[in-house]
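These notes concern the structure reproduced below.
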Amino acid sequence: MKNEEQNSSRRAFIKNASLLTMGTSSLLAFPLGKPTTMVTQESDINIIGPKEGYSPQIGTLVSMMTWMRMVILAPVRNMSVSDLDYLVDENANSIGAMLMHLAATERFYQIHTFNDKTWGDWPKEDKKRWSIASGLGDNARKKIKGNELSYYLDALDEVRQNTLKEFANRDDKWLLKVDENFPWGPTNNYCKWFHVCEHESNHNGQFKFIKSRIQA
């Protein structure tokens with residue numbers, strides 16, 4: 001019964017975040033502004049901290065990742081295929097390719113941290129599906145295009161749901177475990193997954209910049 005309640009709370013939190021992402025674009029374009037009554041009444045999206053169904057620090061990480069996902073999807077809401085494929089110049093990345101890049105990055109961190117694989121040691125099917133998006137550049141410009149927004153949102157959601165499932169089965173001890181051999185130097189799982197979160201914030205600025213050029 002307890003597990004069922006935890007799963008229900010977790011699903012409700014993510015569902016509310018998704019609804020806010022698609023339904024409150026004016027708020028999300030300015031996340032530092034005053035939140036609306038609807039947000040505070042319908043969801044705890046703006047409450048960063050432990051969440052039911054997760055250990056305390058993992059829940060806090062989940063709340064940050066969920067908030068950031070809400071923010072980065074706001075600029076792309078209702079974008080057409082041509083908007084998603086738009087290139088500022090011949091060396092730029094499209095918004096569509098970068099959305100897939102975010103999904104690819106998260107997927108590779110899943111394999112690395114959940115499956116305890118050395119960075120770059122990806123299963124054949126994952127390498128085939130995600131490597132182009134991970135690398136971006138010319139290959140992505142040629143091959144990641146012509147897709148509706150739903151294509152990218154589905155990929156992001158598929159990967160995120162797996163992340164949440166895996167997080168629910170781990171504890172704070174795992175989150176704080178230090179990898180002494182990571183290329184950055186000693187790095188714990190918390191830092192690796194916080195990087196997944198801040199990586200999305202980095203591309204959020206690019207989305208807004210590209211959108212301003214499309215509308216110019």
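The values are calculated or read from the model by the stated rules, or taken from the named source; none is laboratory data. Quantities reported herein were computed from a predicted structural model and do not represent experimental measurements. A quick note on method: Cβ atoms are made from the backbone with ideal geometry, for glycine too, and the neighbour counts reach across all protein chains shown. Side chains included, ligands, DNA and RNA excluded: accessible areas come from the protein's heavy atoms. Shrake-Rupley method; radii C 1.70, N 1.55, O 1.52, S 1.80 Å.
Rounded to the nearest Hz, the phi-derived 3J(HN,Hα) couplings of segment 133-145 under the Karplus curve 6.51 cos²θ - 1.76 cosθ + 1.60 (θ = phi - 60°) are 5, 5, x, 6, x, 4, 4, 5, 4, 7, 10, 9, 6, where x marks glycine and proline.
Taking all protein chains together and a 1.4 Å probe, the residues Asp172, Asp154 rank Asp154, Asp172 from largest to smallest accessible area.
For the pair Trp119 and Phe209 in one chain, pulling the backbone fully straight at 0.36 nm per residue adds 29.3 nm over the alpha carbon distance. Sorting Asp83, Asp121, Asp126 by accessible area puts them as Asp121, Asp83, Asp126; the probe is 1.4 Å, largest comes first, and only protein heavy atoms count.
Please label the shape of segment 145-216 as rounded, prolate or oblate, based on the square roots a ≥ b ≥ c of the eigenvalues of the alpha-carbon gyration tensor (a/c under 1.5 means rounded; beyond that, a/b larger than b/c means prolate, else oblate).
Oblate shape, in that a/c is at least 1.5 and b/c is the bigger or equal ratio.
Output the pairs from Lys51/Lys145; Lys128/Lys173; Lys124/Lys192; Lys128/Lys192 with a Cα-Cα distance over 31 Å in this structure; if there are none, say none. Distance filter (> 31 Å) returns Lys51/Lys145; Lys128/Lys173. For Asn189, neighbours were defined as the other residues whose beta-carbon sits under 9 Å from its Cβ, and their charges (Lys and Arg +1, Asp and Glu -1) total +2. Going by a ≥ b ≥ c, the root eigenvalues of the Cα gyration tensor, does segment 41-128 fall in the rounded group (a/c under 1.5), the prolate group (a/b larger than b/c) or the oblate group? Taking the square roots of the gyration eigenvalues as a ≥ b ≥ c, segment 41-128 is oblate. Measuring only protein heavy atoms, the 1.4 Å probe finds Trp67 accessible over about 60 Å². For segment 50-181, the convex hull drawn through the C-alpha positions has a volume of 121 cubic angstrom per residue. Ordered from largest to smallest accessible area (heavy atoms of protein chains, 1.4 Å probe), the residues Glu180, Glu158, Glu200 come out as Glu180, Glu158, Glu200. Bridgeable aspartates and glutamates around Lys211 (alpha carbons under 12 Å apart, same-chain partners fewer than 8 residues away excluded): Asp83, Asp85. How large is log10 of I(q)/I(0) for segment 46-86 at q = 0.16, 0.28, 0.30 Å⁻¹ when the intensity is taken from the Debye formula with one equal scatterer per alpha-carbon? Each listed q corresponds, in turn, to -0.52, -0.87, -0.94.
Among residues other than Thr113 with Cβ under 13 Å from its Cβ, the summed charge is 0 (Lys and Arg +1, Asp and Glu -1).
Nonpolar atom fraction for segment 56-172, defined as the carbon and sulfur part of the 1.4 Å probe accessible area, stands at 45 percent. Summing +1 for each Lys or Arg and -1 for each Asp or Glu among the other residues whose beta-carbon sits under 10 angstrom from that of Leu84 gives -2.
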